[in-house]
Amino acid sequence: MLEKTRGVILHQIKYTDSGIVARIYTRKFGRQSFIIKGMRNRKAGKHTILFQPLFILDIEMNFRQNRELQMLREFSVAFSPYGIHSDIRKSCIAIFLGEVLNAVIREESPHEELFDYIESSIVYFENCTEGYANFHISFLAGLSSFLGFEPAGKDNEDNRFFDLKEGIFVSIPPVHGNYANEQVSDILSHFFEASFDSAGKIPMSGSMRYEVLETLIGFYSLHLQGMARIKSLDVLKEVFS
């Protein structure tokens, strides 16, 4: 069945000598994998970059339910984050977020609110010219609510520790050991309440930013069984140190 939808590029892998398989999160059909033949040959030219993480495409596809690999017929640019991919720091964040989204989004069913959150976040990130070093942390803090494990805010200053397992702030460290220390917990409490604009003003050193981000990834891993290790996390540590 011929269908049209919008999709966010998450990840790509090589397929044969000249093709790729692109993982795309679509508004109408959830996460899908597409074969794109000839994308790695010389004739593909400028189209190659369109399948980098966080590009947003309008696509036409031959959709078949429960098919492992869908066939992409036509595609055009819906939103191009060229500014993201021309900035080394932003492009590293984009690769990281694409890897995280590829790891945490598993549903082959529509979730329009989630798609809209991702799309609007990409547009914000593209247009943000400064103060974006915390963007990926803020994005993950907001993303969790769409995945079913939204953390509770800190409602009492005595609750100094963030319990990763329960997703709440508590006054004493939990016995299971999965919690953030006081400093990281305090910073997380600000991110859980912040907009993208205000999150950009939360002061942190590079090492603390990595620790907060690593804690958030741990929070995700506890609530999403079998979540793959995020390899690009170490790259971010180098870029923002």
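With the cut-off at under 20 Å, measuring from each backbone N in the stretch 197-222 to a point 7 Å along the Cα-to-Cβ line of Arg106 picks out 216-222. With both residues required to sit in the chain, DSSP beta bridges show an antiparallel share near 95%.
Straight Cα distances below 17 angstrom link Lys165 to the lysines Lys154, with same-chain residues fewer than 8 positions distant left out. Working note: 222 nm ellipticity from helices only, DSSP H runs with n ≥ 4, each -39,500 (n - 2.57), summed and divided by the residues of the chain, gives -11500 deg cm²/dmol to the nearest 500.
Note on the chain: with a GNM built from Cα contacts shorter than 10 Å, the maximum mean-square fluctuation among His11, His85, His176 falls on His176.
The dipole here belongs to the chain: it is taken about the Cα centre, uses +1 on the Cβ of Lys and Arg and -1 on the Cβ of Asp and Glu, and is about 1440 debye. Applying 0.36 nm per residue to the separation of Ile13 and Lys37 and subtracting their alpha-carbon distance, the gain on full extension is 7.4 nm. Comparing Ser198, Ser86, Ser221 in a Gaussian network model of the chain where C-alpha atoms under 10 Å apart are linked, the largest mean-square fluctuation is found at Ser86. Charge dipole (Cα centre; +1 on Lys/Arg Cβ, -1 on Asp/Glu Cβ; no other charges) of the stretch 128-241 amounts to roughly 360 debye. Select one label from (i) 20; (ii) 14; (iii) 24: the one whose number is percent of Cα pairs over 32 Å apart as derived from the coordinates shown. Only one listed value fits the structure, namely (iii). Projecting the Cα atoms of Ile172, Ala228, Leu143 onto the charge dipole of the stretch 128-241 (Cβ charges, centred on the Cα centre) puts Ala228 farthest toward the positive pole. From the cross-link list Lys4/Lys37; Lys28/Lys90; Lys37/Lys231, which pairs have alpha carbons spaced over 25 Å apart? Going by Cα-Cα distance, Lys28/Lys90; Lys37/Lys231 fall outside the 25 Å limit. As a length-normalised measure over Cα pairs under 8 Å and 6 or more apart, the relative contact order of the chain settles at 16 percent.
Among Gly177, Gly153, Gly19, the residue with the largest mean-square fluctuation in a Gaussian network model of the chain, with springs joining Cα atoms closer than 10 Å, is Gly177.
Here the stretch 1-93 is assigned +1 on the Cβ of each Lys and Arg and -1 on the Cβ of each Asp and Glu. Its dipole about the Cα centre then comes out at about 80 debye.
Taken together, the values in this text are just the output of simple stated rules run on the coordinates, not laboratory data. These numbers come from a predicted model, not from an experiment. As a convention, Cβ positions derive from the backbone with ideal geometry for all residues, glycine included, and neighbour counts pool all protein chains shown.
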